[in-house]
Amino acid sequence: MKQIIRKARFVTGKPKDIVIENGKFMAIVDEYAGEGEEVSFEEDVYMSSGWIDLHTHAFPGFPPYCAEPDEIGYKTGVTTVVDAGTCGSDQIDSFYRLATKSMTRIFAFLNISSVGLSRMDELSDLSFISAPAIEHALESYPSFIVGLKARMSASVVGTNDIQPLLLAKAVQQQKPLMVHIGSAPPNIDSILNELKQGDIITHCYNGKANNLFREDGKPLLSLQEARERGVALDVGHGTESFSFEVAEQALKEHVHFDTISTDIYERNQRHGPVYDMASTLTKCLALGCSLETVIQAVTEAPARLIGRTDIGTIKVGANADLTLFKLEHGRSYSWIDSHGAVRQTTYRIKPLAVYIGGTYIEL
Ligand SMILES: [Zn+2]
C-alpha cells in the first residue's frame, strides 16, 4: 500500500508530496496525483530525512558507556545510531545480533582494541590491537561496520602515545577512522598529522588542554592542514567534551563542524549534559547556526561520511526514514555544556514522530 504524505514541510524549499512504497521513497513531487493512504501534518511540523547520530554508545554490555539502542534511537527522533567503538572484535558478533533486533538502524565503528570499552584503557596494551581480528571483523560485517574507532587520549593509551593510531592507519582499508581526542599524550598535532580525507575527529569543540585550538583561540596550523586534506569534524558532545566557549570561538574562526553527534549513553542521557539529539541540535542553533545547517549535519553529512547513500536523504529509492519535529517557541530554555556553562534560548527543537523504512511511529 502506497503512503502519501501531503505537503511535507522541509527546512528549506517549498512543500512537497512524499510517496512511500515498500519502505522506500517512491516519489517526491509538488502534487502527487495517484492513489494511496493519505496523511498530512500540521503546518508547523517540519520533516527531514531521519536523523543520524554518528557518535553513540548503543551496546548495552559495558557500563557506563552503554545504552539500549532504541532508547537513544528512534524514541528520541534518531532513526540511525552509529556506535562509536563500544565494541571491538571480541564483542562485534553479539552486537550485530542485537542490532538486527532493534527498530532503530544501527551501524558500528569498530574499536581497534579487541576488548572495546570493557575497560577504559583499551589501548594501553598493544596486544589488544590485532590486525587479523580487525580484518576478519571488517570482512564479516562489510555493511554493519562503517569504520574504525581509536580513542587517542592519555587515560586510554597509557604509555603508547601515537602507536595505536599508526596501527589503526595500517588496517583501516577504505573505511573512515574516527578518532577521539582529549588529554595529552598523544599530542594533538601528532594525531592530526596522521589523518587523511574521510577520517573524522570527534569531540571537535572539547574544552580541554590539547584541543584543536591555540591559547588565543586560533585554530592549530595542523588542524587547518587536516581540514584542507578533507578531515571531518564531529561535535561528539559527551559528558566532558563540549564547550560553548570553544564552539563559539571556533565558529568565529570559521572552524565549522561537519556533523553533530551526541556521544550519548544511559547516564548522560538521563542526567545530562547531553539528554538527547534534539537538545544537542538546539545547542548548535544557540551557537548561531541555521536550522538548515544543523539538520544537514545530522542527515546528509553523516550519511556521506559513512558512505551510505540509502539514508540521510529524501530521494527516490532511499530508505523511507523521516524525522518529524517542531521548533517550539515561547518560553526560556536553559542549555548546559560539559563544563556547566549555560546558554538560553527562546526556542527548542522537539521531535514528534519518525518513519523508519516507511513505518510511522509517534513519539
Ligand atoms: Zn564516545
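Brief remarks on what is shown
- Percent breakdown of C-alpha pair distances by 10 Å bin, ordered from the shortest bin, for the chain: 5, 26, 34, 24, 9, 2, 0
- Between ASP121, ASP53, ASP321, the residue with the greatest mean-square fluctuation in the GNM of the chain (Cα pairs under 10 Å linked by springs) is ASP121.
- Of the accessible area of the chain, computed with a 1.4 Å probe over protein heavy atoms only, carbon and sulfur atoms account for 47 percent.
- Restricting the range 114-214 to trypsin sites (Lys or Arg not before Pro) in coil, as DSSP defines it, with at most 14 other Cβ within 10 Å: ARG119, LYS196, ARG214
- Spatial offset of the range 15-59 relative to the range 141-185 amounts to 36 Å, using the alpha carbon center of each.
- Entry note, the chain: the mean residue ellipticity at 222 nm calculated from DSSP H runs of n ≥ 4, each adding -39500 (n - 2.57), is -6000 deg cm²/dmol after division by the residues and rounding to the nearest 500.
- Rounded Å value of the spacing that divides the Cα centres of the range 199-252 and the range 95-132: 25 Å
- Highest-MSF residue in the chain out of SER102, SER89, SER332 [GNM, Cα springs under 10 Å]: SER332
- Annotation for the range 328-363 versus the range 259-299: alpha-carbon center distance of 8 Å.
- The chain: most fluctuating residue of VAL231, VAL342, VAL82 per GNM, C-alpha cutoff 10 Å: VAL342
The values are calculated or read from the model by the stated rules, or taken from the named source; none is laboratory data. In this text, all values refer to a predicted model and were calculated from it rather than measured experimentally. Here the Cβ is made from the backbone with ideal geometry for all residues, glycine too, and neighbour counts use every protein chain on show. Keep in mind that these areas ignore ligands, DNA and RNA; they rest on the heavy atoms of the full protein, side chains included. Shrake-Rupley method; radii C 1.70, N 1.55, O 1.52, S 1.80 Å.
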